[in-house]
Amino acid sequence: MNTGRITSEDPRLGPGSLYAKIPIPACRALTYAGHVKASQVLFALSLHSSGAHPIVFPSRATIKKYSGVGKDSISEALKVLVKFGFIKISYIKVGRTYRNQYEILRAGFHWDELNEVASRYKVPKGHCTRCNHWIYRGGWSVQEGKDGLATVQVRIHKICGGIVKDLTRKQILNIRSQEETGGIGLCFDTRQEVISKDDNS
């Protein structure tokens with residue numbers, strides 16, 4: 001397994017520590033979509049990726065060992081990962097044989113870079129009170145503001161400068177309902193609406 005030369009502010013991680021970069025947006029989107037086995041396979045691939053290079057080449061037996069996914073299900077899981085834009089598979093010649101090489105793509109680490117398939121399964125994290133758009137993780141910056149005499153942190157929409165509020169329980173349930181029925185449209189950035197804005201309560 002490759003070891004990453006990555007620095008971290010986590011006090012538990014110092015010289016000699018071993019850890020991997022996990023594409024959290026990808027794993028969550030796959031779980032929301034019901035592709036848990038694909039998420040487990042992506043996790044297994046990530047365990048073999050160094051911080052300096054995204055390409056890995058574990059065998060099917062190794063993927064099975066680290067993911068817990070059976071060999072018969074690995075092929076389907078890999079197809080899902082390619083469809084969602086999280087990995088790229090190529091074939092390299094080693095001696096007289098060929099083997100799979102997997103590149104873990106950048107999109108899996110960024111909510112706003114998910115492709116049109118994966119975007120169906122990312123969940124808005126807030127609502128902008130100015131432009132009325134649903135805002136995804138990473139779509140705001142945090143600034144300090146005043147609430148009377150108290151100093152508070154305010155989330156500001158990066159695009160329009162509006163204040164980002166938490167979604168209500170009713171809005172979240174509405175999102176989940178439309179996800180399950182395939183009613184959420186495809187989106188490519190935080191400016192595009194993906195669900196009805198009628199419910200702003």
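List the pairs whose first member sits in segment 77-99 and is assigned by TED's automatic domain parsing to the domain that holds Ser67, whose second member is among the small types (Gly, Ala, Ser) and exposed (fewer than 14 other Cβ atoms within 10 Å of the Cβ), and whose Cβ atoms are under 8 Å apart, counting only residues at least 6 apart or on separate chains?
Arg99/Ser59
Has segment 133-145 got any residue that is at pLDDT below 85, over 16 Å from Cys27 (Cα atoms), assigned by TED's automatic domain parsing to the domain that holds Tyr32 and not hydrophobic (A, V, I, L, M, F, W, C)?
No, segment 133-145 has no match at all.
State all residues of segment 14-61 that are over 17 Å from Tyr102 (Cα atoms), touching a Phe, Trp or Tyr at 6+ places or on another chain (Cβ under 6 Å) and outside any helix (DSSP H, G or I); if no residue qualifies, say none.
Across segment 14-61, the qualifying residue is only Ala33.
What are the residues in segment 118-152 that are aliphatic (A, V, I, L, M) and either without any contact (Cβ under 8 Å) to a residue 60 or more places away in the chain or in a strand (DSSP E or B) (or both), if any?
Result: Ile135, Val142, Leu149, Ala150, Val152.
With the condition kept exactly as written, say whether any residue in segment 106-113 is of a type outside the set (Ser, Thr, Tyr), more than 11 Å from the chain's Cα centre (by Cα) and either crowded, with 21+ Cβ neighbours inside 10 Å or not in a strand (DSSP E or B) (or both).
no
Which residue, of Ile172, Ile163, Ile156, is hydrophobic (A, V, I, L, M, F, W, C), farther than 21 Å from Pro25 by Cα and out of contact with any Lys or Arg (no Cβ under 8 Å at 6 or more places or on another chain)? Please lay out each step first, then the result.
Working: Ile172 fails: farther than 21 Å from Pro25 by Cα; Ile163 fails: out of contact with any Lys or Arg (no Cβ under 8 Å at 6 or more places or on another chain).
None of the others qualify; the one that does is Ile156.
For segment 82-100, enumerate the residues that are over 16 Å from Arg60 (Cα atoms) and of a type in the set (Gly, Ala, Ser).
Within segment 82-100, Gly85, Gly95 qualify.
Looking at Ser141 and the list (1) over 13 Å from the mean Cα position of the chain (by Cα); (2) at positive phi, which single condition is not satisfied?
Condition not satisfied by Ser141: (2).
Could you pull out the residue among Pro15, Pro54 that is at pLDDT 75 or above and more than 29 Å from Tyr121 (Cα to Cα)?
When all the criteria are applied, what remains is Pro15.
Just the residues that are buried (at least 16 other Cβ atoms within 10 Å of the Cβ), under 20 Å from the mean Cα position of the chain (by Cα) and over 25 Å from Val117 (Cα atoms), please, taken from segment 28-65.
His48, Ser50
The values are calculated or read from the model by the stated rules, or taken from the named source; none is laboratory data. Just so it is clear, the structure is predicted and the values come from calculations on it, not from any experiment. Every residue, glycine as well, gets a Cβ built from its backbone with ideal geometry; the counts of neighbours run over all protein chains shown.
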